[in-house]
Amino acid sequence: MPPTLVDHLASCPTSAHVAEYWAPLLRKGGFVEFDDMTPINHEVLQAGFALRAGSLVAWRNMQLVTEYGVRLVGAHTDSPGLHLKPRQGRIAAGQDMLDIEVYGGPLLSSWADRDLGVAGRVVMRDGSSRLYATRHAVARVSLLAIHLDREVNDRGLVLDRHLHLSPMWGQGEAAFDIWLANEIGVDRTDMLTWTAELVDTQPPGFIGRNQEYLASARLDNQVSCWATMNALVESTPSRPSMAVLFDHEEVGSASATGAAGPLLEHLLERLSLLAGNDRDAFLRMLRQSHCVSADNSHALHPNYLDRHHPLHAPLLNHGVAIKTNVGQRYASSVESTAPILEAFERIAQTPQWFSSKNVVPCGSTIGPVIATRLGIETVDIGIPQLSMHSIREVCGRTDPDVLRELLVAYWH
């Protein structure tokens, strides 16, 4: 049985955890792992995958790319949050403090007065790496008491990114790297370097009178990761199909493992060459290809109805939305939308539509990045959610399954 969305969310506190989570499931499903430091071989064409840090690419039927091109589904593994700086050890008011750096655009106030754990990756001196995540709270960003800031409810909470977001994590001047070594059960001298980020310790769960909603950290964009990988692993697509989970979308995608980097382009070209194409045929193959960028959309907020255009305001538990923007913040076009509309018809679903109100700036996704870098027609879609970029987000309970079914239909 494939993992449930709740299992996925509970097991994946960081982007690296997302990529590593699916690797054994792919191997069990008959996918051959491709190490891109070695020559590629034909056995990976039918079903293969490549893992690099917090990014994962998996595919089926790539031996047929010359005739059909490839259908891609892209999502991103990272979420906004608070990451630890590489040197720690500051003390303030008798408390051991963790110095953080803001990653992406989190809703900062949601990180305050929460019980926070730590998760990340350690690189060992022997070249190996290991993931870790505390299952208990070790840190907290405490808000100032209202008695010391009596106008806060009227004026609004303002948090200085440098002064107000450092969590306290104990007393006693314990060095972070020594604590981390003890936490993962290794000798400090065997650790070469590490990454760490703060994570919510409250597990995902269903809420509502009839459990209509799913509340969890990292719904943006791990819902799309789960639906994409689930659809690829559990279905048998008849055409060349590829799932691409990129890291670093929340900070612009410009990295070796982000959508603006060469990871996907290089892999596609190597697979195309293995299938017998030359460079000209590879470029023609891209022209036949199509991409779905899956990233959550903004649901109509019942307390802020004025922030949406009424005809482009997706509702929770009403299915997947197609996202459009004439300024190319989303990649959807009349041409690129056609294949996903056909997939909606196959599952007897009607799409919702999202377009930002003209006075509200539009966010973006990996969709325009892939379309620009590879010249592939791309459509942006996503399930609606509330509290986007909060430490704890909310979506409809039924929508993730609709997205998974839609992607199965798209690949067929």
> Does any residue in segment 164-177 that is hydrophobic (A, V, I, L, M, F, W, C) come within less than 9 Å, Cβ to Cβ, of a residue that is assigned to a loop (DSSP other than H, G, I, E, B) and exposed (fewer than 13 other Cβ atoms within 10 Å of the Cβ) six or more places away or on a different chain, and which pairs are these?
Replying inline: Met168/Ala93; Met168/Ser142; Phe176/Arg87
>> Being assigned to a helix (DSSP H, G or I) and touching a Lys or Arg at 6+ places or on another chain (Cβ under 7 Å) narrows it down to one residue among Leu25, Leu9; which is it?
In response: Leu9
>> Which residue is nearest to Asp380 (Cα to Cα), if the candidates are limited to segment 70-85 and must be touching a Phe, Trp or Tyr at 6+ places or on another chain (Cβ under 8 Å) and not aliphatic (A, V, I, L, M)?
In response: Gly74
>> Going by what's in this entry, would Arg161 be described as basic (Lys, Arg), surrounded by 11 or more Cβ atoms within 10 Å (Cβ to Cβ) and outside the structural domain of Thr398 (by TED's automatic domain parsing)?
In response: yes
> Does Thr236 satisfy the criteria of being surrounded by fewer than 19 Cβ atoms within 10 Å (Cβ to Cβ), in the same structural domain as Gly48 (by TED's automatic domain parsing) and not in a helix (DSSP H, G or I)?
Replying inline: yes
> Counting only residues that are closer than 12 Å to Asn221 by Cα and part of a helix (DSSP H, G or I), how many does segment 384-411 have?
Replying inline: 1
> Can you name the residue in segment 288-324 that is crowded, with 16+ Cβ neighbours inside 10 Å and among the charged types (D, E, K, R) and, of all such residues, is farthest from the chain's Cα centre (by Cα)?
Replying inline: Lys323
> So Ser333 fits all but one of (1) surrounded by 16 or more Cβ atoms within 10 Å (Cβ to Cβ); (2) over 21 Å from the mean Cα position of the chain (by Cα); (3) farther than 21 Å from Glu265 by Cα; (4) among the small types (Gly, Ala, Ser); what number is the exception?
Replying inline: (1)
> Going by the conditions given, is Gly327 under 22 Å from the mean Cα position of the chain (by Cα), outside any strand (DSSP E or B) and touching a residue at least 24 places away in the same chain (Cβ under 8 Å)?
Replying inline: no
>> Can you confirm whether Glu265 is among the acidic types (Asp, Glu), in contact with a Phe, Trp or Tyr (Cβ under 7 Å, 6 or more places away or on another chain), part of a helix (DSSP H, G or I) and surrounded by fewer than 19 Cβ atoms within 10 Å (Cβ to Cβ)?
In response: no
> Counting only residues that are touching a residue at least 24 places away in the same chain (Cβ under 8 Å) and not in a loop (DSSP other than H, G, I, E, B), which one in segment 12-22 is surrounded by the fewest Cβ atoms within 10 Å (Cβ to Cβ)?
Replying inline: Glu20
> Within segment 65-91, how many residues turn out to be modelled with pLDDT under 95 and aliphatic (A, V, I, L, M)?
Replying inline: 2
> When residues of segment 51-68 are filtered for being farther than 28 Å from Gly104 by Cβ and surrounded by fewer than 20 Cβ atoms within 10 Å (Cβ to Cβ), how many remain?
Replying inline: 5
> Within the bounds of segment 144-156, is there any residue that is among the hydrophobic types (A, V, I, L, M, F, W, C) and within 19 Å of Val199 (Cα to Cα)?
Replying inline: no
> In segment 1-38, what count of residues is obtained for those that are under 17 Å from the mean Cα position of the chain (by Cα) and hydrophobic (A, V, I, L, M, F, W, C)?
Replying inline: 10
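The values are calculated or read from the model by the stated rules, or taken from the named source; none is laboratory data. For clarity, every value in this text was computed on a predicted model and none was experimentally measured. Every residue, glycine among them, receives a Cβ derived from its backbone with ideal geometry; neighbour counts consider all protein chains shown.
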